[in-house]
Amino acid sequence: MTAASLSELHREIERSLVAKADASYRLQIERLVPGIRTIGVRVPKIRALASDFARRHKGITMEKLESLMEQCCATGSRDQILFGAFLLARSKKQLAALSWQSVERWTRAIDNWETCDQIAMSIAAPLVAAESSLVARLVALARDKNLWRRRFALATAAALNQHGRRLPEATLAVCRHVVADEEPMVQKALAWAVREVCKNDAPLARDFLTRHRNALPARVLKAAAAKLAPAARRKRL
């Protein structure tokens, strides 16, 4: 694909999003997430636009999709980043060819939980589930000084136990590195990840919470134990 045609595809994405922008929704998001860059397109509409784009551009390669995601991330726009993530996620058969280095580069554009979790769940989790060596890369991100990269590692780890995936050990291998993390966004993701483990291996989740009970903040312990049986939950709390 030439640079001009890639630029035109990106402009097409921009135009489609602008056409669906909702000023009142933008204000709502800006109140909830100060500093976010958005034009206020609702998630279902972004998904629909990405689906329509994919239908009109059948046969687009993963290399081209990566390049489009790069451009979307470069804008810092919440709406464009979500569009790129949803577009990539539709190419399930090609996703294995995606470069993990690209995924890590995209995490630098994350500045809110919404884009963080969507890239993690839609793109990163399938890659990690297919290639176990990438768990080590998640562990490295869980130790990163940037809170959104730590959140990203946990959101990806949580999704390793969704949509038929069953990788509780890998999830907890990431979780144990953020037990003492004081960032609320990271703590919430930690509790979420442990709850997802409960669905596939409750004893493993129970043992993890028992082992780290004294290090975990009470609210995190309570949220993480929410899916345990009542007796086990009372014992851990």
Report task. Check the straight Cα-Cα distances from K58 and name the aspartates and glutamates below 14 Å, setting aside those fewer than 8 residues away within the same chain. Result -> none
Report task. Specify which labelled value, from (1) 12.4; (2) 13.1; (3) 13.8, agrees with mean projected area of the Cα convex hull in nm² derived from the coordinates of the model shown. Result -> (2)
Query raised in the report: For region 1-98, with equal point scatterers placed on the C-alpha atoms only and solvent neglected, what are the log10 I(q)/I(0) values from the Debye formula at q = 0.23, 0.25 1/Å, to two decimals?
Result: -1.21, -1.38
Report task. Using Cα centres only, tell me the gap between region 181-211 and region 1-55 in whole Å. Result -> 33 Å
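Listing I123, I29 from the residue with the fewest other Cβ atoms within 10 Å to the one with the most, what is the order?
The most exposed by this proxy come first: I29, I123.
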Query raised in the report: Under 19 Å from the Cα of K145, which aspartates and glutamates turn up, not counting those fewer than eight places away in the same chain?
Result: E104, D111, D117, D181, E182, E183
**Report entry** Exceeding the 21 Å Cα-Cα cut-off - candidates K64/K93; K64/K92; K20/K92; K92/K199
**Finding:** K20/K92; K92/K199
Query raised in the report: With each run of n ≥ 4 DSSP H residues scored as -39500 (n - 2.57), what mean residue ellipticity at 222 nm is computed for the chain after dividing by its residue count and rounding to the nearest 500 deg cm²/dmol?
Result: -20000 deg cm²/dmol
Query raised in the report: For region 200-217, in order, what is each residue's ³J(HN,Hα) by Karplus, 6.51 cos²θ - 1.76 cosθ + 1.60 with θ = phi - 60°, in whole Hz (x at glycine and Pro)?
Result: 9, 7, 4, x, 5, 5, 4, 5, 4, 5, 5, 5, 10, 4, 6, 8, 7, x
Report summary line: Summing +1 per Lys or Arg and -1 per Asp or Glu among the other residues with Cβ less than 12 Å from L190's Cβ gives +2
Query raised in the report: Which angle from 0 to 90°, rounded to the nearest 10, does the C-alpha axis of helix 78-90 make with the longest principal axis of the chain?
Result: 80 degrees
Report summary line: So the angle from the long Cα axis of helix 23-32 to the longest Cα principal axis of the chain, reported in degrees to the nearest 10, equals 30 degrees
Query raised in the report: Given just the C-alpha atoms of region 82-203, how large is their convex hull per residue in cubic angstrom?
Result: 93 Å³
Query - Karplus-derived HN-Hα couplings along region 6-18 (A = 6.51, B = -1.76, C = 1.60, θ = phi - 60°), whole Hz, x at Gly and Pro - result: 5, 4, 5, 4, 5, 5, 4, 4, 4, 4, 5, 6, 4
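Taken together, the values in this text are just the output of simple stated rules run on the coordinates, not laboratory data. None of the values given here were measured: they were computed from a predicted structure. Here Cβ is always computed from backbone atoms with ideal geometry, including for glycine, and neighbour counts include all displayed protein chains.
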